[in-house]
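Heads up: the structure comes next, in structure tokens.
The values are calculated or read from the model by the stated rules, or taken from the named source; none is laboratory data. Keep in mind the model is a prediction, meaning the values are calculated, not measured. For neighbour counting, all protein chains shown are included, and Cβ atoms are generated from backbone atoms with ideal geometry for every residue, glycine included.
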């Protein structure tokens, strides 16, 4: 039978999640209780008939009384289930780090240089671009090359996290359909893999900075909090883009396209000063902010005034928005892919 | 102790791909009628399970019986915690192991040994623990030197041997299986059968979905008959099988192609 319009109302909710029970479940690691979370979103309250609801409630209490010996614990809220997913995912760091390593070693299996091909291809890119564009922009090599190197290395991480992030859940479709794992494991696998690649690329940075005598000071340590923020950004981007792409298959090409365009409109291979009076507005682009907070300290300069604030705000907003969507749509991911 | 409790549990699949018209043609044949609904956004929803309330207790060896599309696989995936129900509640205690497709997580480029570790990882077993079992697994597969070669060089039978052995090396509390796992040649099949028996024997709860009635009779002590996503019978295996065969006489058009 096909019917249109809102479906009949769902059974009434149980009491909100009991904290003690939930913690126990999480530490145990083999203990789960799942509720129908996607329901509230699809059923308008407009269709809820009060007397109907009351009848259902009495039905439920009768049913529950009938099996008092086998009572279920109170239903967990979707938010606590989503939070547990993230926490359980983090606690399985051995799993996603091993998967990320596996991704890298598999990609370079059988090649002599292995993952150092990553380093070499980045070095070749930097050498080629550096040679031509330092002429084009009339900049001296000892200023342009370190600038370009740091920018490209950071950009490589940011852009690849976004592109791979679209496939966070899609590429592991057969795993998601066969075994239960926290969804966040796949996101952290993605971030971890790209951090490993970043570690391979970052060795080029001192090789360029030291010979050219860049005046690096103590503020180079700003790089550490900046990298932590980037890893957090990578996590929420992986979950957010992964969910969006699982639902809407048009998202991956859109993101790929977006990343390509942003590469040219962000000062990575061209100097920010070239923009003249517009230059102070550059940190409004969060991707520029992300590059600036790493690049400037490594070149012995200070990041632009708003770079840090823009990056922190982006991270906070991204985390909050992603968590809200994760709470709502996490139960649907397995159905979408 | 292990248990799974389901209360008024329903699962609905939204179908996003394809045009509605052709989907209607595809999906409307009798066996699925009554399971299709459209929601407010005019998406087609397949109700794969509706209002399932059941308790699985220690010692249960459950046979899931039903026609194609009755919801057997969906129910197994709900029990495994893969599908989160759209309505109702599931509460489970115990380490669940699902054997749906034997070759899940197999990486053809990696060697046999690496794949054993990898398979363990997807079963939530730390590589350290898996390494202590690798010799037992290696001996059982009888693959010898092939274990150090990439799995893509294996014959189909060899890779099934590897995957089967790796995924059955740790006895779970709750074992979920879809269809029977056919593993390799006749001699290995015999070995596999015995290993499976051991594994089922040491698990607390086992759920097996299959169309092979002799197999279900051999392994199970409880039968659940599913029809259009509902439990129509929950009793002994023989009762469930009898009811299944009765209903296939009434509606021969819906029966399995042998």
Residue match in the stretch B:46-56 (condition: more than 10 Å from chain A (Cβ to nearest Cβ), at pLDDT below 90 and not in a strand (DSSP E or B)): no
Output for the stretch B:146-171, where each listed residue is touching a strand residue (DSSP E or B) at 6+ places or on another chain (Cβ under 9 Å), assigned to a loop (DSSP other than H, G, I, E, B) and either without any contact (Cβ under 8 Å) to a residue 24 or more places away in the chain or more than 17 Å from residue B:120 (Cβ to Cβ) (or both): B:149
Residues that are within 12 Å of chain A (Cβ to nearest Cβ) and closer than 11 Å to residue B:162 by Cα, drawn from the stretch B:115-139: B:115, B:119
Selection within the stretch B:231-250 - farther than 14 Å from residue B:220 by Cα and not in a helix (DSSP H, G or I): B:231, B:232, B:233
Lone qualifier among B:87, B:61 - being within 20 Å of residue B:221 (Cβ to Cβ), in contact with a helix residue (DSSP H, G or I) (Cβ under 8 Å, 6 or more places away or on another chain) and surrounded by 18 or more Cβ atoms within 10 Å (Cβ to Cβ): B:61
Elements of type helices (runs of 4 or more DSSP H) in the stretch A:94-178, at least 3 residues being within 14 Å of another protein chain (Cβ to nearest Cβ): A:173-176
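Is one or more of the residues making up the stretch A:148-168 closer than 30 Å to residue B:75 by Cβ and either under 22 Å from the mean Cα position of the chain (by Cα) or surrounded by fewer than 21 Cβ atoms within 10 Å (Cβ to Cβ) (or both)?
Taking every residue of the stretch A:148-168 in turn, at least one turns out to be closer than 30 Å to residue B:75 by Cβ and either under 22 Å from the mean Cα position of the chain (by Cα) or surrounded by fewer than 21 Cβ atoms within 10 Å (Cβ to Cβ) (or both).
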Among (1) at pLDDT 85 or above; (2) closer than 24 Å to residue B:3 by Cα; (3) touching a strand residue (DSSP E or B) at 6+ places or on another chain (Cβ under 9 Å), the one test that residue B:125 misses: (3)
Sole exception among (1) within 14 Å of another protein chain (Cβ to nearest Cβ); (2) in contact with a helix residue (DSSP H, G or I) (Cβ under 7 Å, 6 or more places away or on another chain); (3) in contact (Cβ under 8 Å) with a residue 12 or more places away in the chain for residue B:112, by number: (1)
Options A:225, A:215; residue that is surrounded by fewer than 21 Cβ atoms within 10 Å (Cβ to Cβ) and without any contact (Cβ under 8 Å) to a residue 12 or more places away in the chain: A:225
Residue among A:332, A:295 that is buried (at least 16 other Cβ atoms within 10 Å of the Cβ), within 14 Å of another protein chain (Cβ to nearest Cβ) and either more than 19 Å from residue A:152 (Cα to Cα) or in contact (Cβ under 8 Å) with a residue 24 or more places away in the chain (or both): A:332
Out of B:175, B:162, B:99, sole residue that is over 16 Å from the mean Cα position of the chain (by Cα), closer than 30 Å to residue B:74 by Cβ and buried (at least 19 other Cβ atoms within 10 Å of the Cβ): B:162
Tally, over the stretch B:57-97, of residues that are closer than 22 Å to residue B:171 by Cβ, touching a residue at least 24 places away in the same chain (Cβ under 8 Å) and outside any loop (DSSP other than H, G, I, E, B): 10
First in the stretch A:70-81 and within 7 Å of chain B (Cβ to nearest Cβ) and surrounded by fewer than 19 Cβ atoms within 10 Å (Cβ to Cβ), second anywhere and assigned to a helix (DSSP H, G or I) and modelled with pLDDT under 85, Cβ under 6 Å, 6 or more apart: A:73/A:21
Residue check for residue A:38: within 13 Å of chain B (Cβ to nearest Cβ), at pLDDT below 85, closer than 24 Å to residue A:167 by Cα and in contact with a helix residue (DSSP H, G or I) (Cβ under 8 Å, 6 or more places away or on another chain): yes
Flag for residue B:63 being at pLDDT below 85, in contact with a strand residue (DSSP E or B) (Cβ under 7 Å, 6 or more places away or on another chain) and more than 23 Å from residue A:176 (Cβ to Cβ): no
Candidate set from the stretch A:231-270 (those that are in a loop (DSSP other than H, G, I, E, B) and touching a helix residue (DSSP H, G or I) at 6+ places or on another chain (Cβ under 7 Å)); member that is nearest to residue A:144 (Cα to Cα): A:269
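Considering each of A:273, A:301 in turn, give the residue that is more than 14 Å from chain B (Cβ to nearest Cβ), modelled with pLDDT under 90 and surrounded by 14 or more Cβ atoms within 10 Å (Cβ to Cβ). If you could, list the steps in order and put the result at the bottom.
Numbers: A:273 fails: surrounded by 14 or more Cβ atoms within 10 Å (Cβ to Cβ).
Testing whether each residue is more than 14 Å from chain B (Cβ to nearest Cβ), modelled with pLDDT under 90 and surrounded by 14 or more Cβ atoms within 10 Å (Cβ to Cβ) leaves just A:301.
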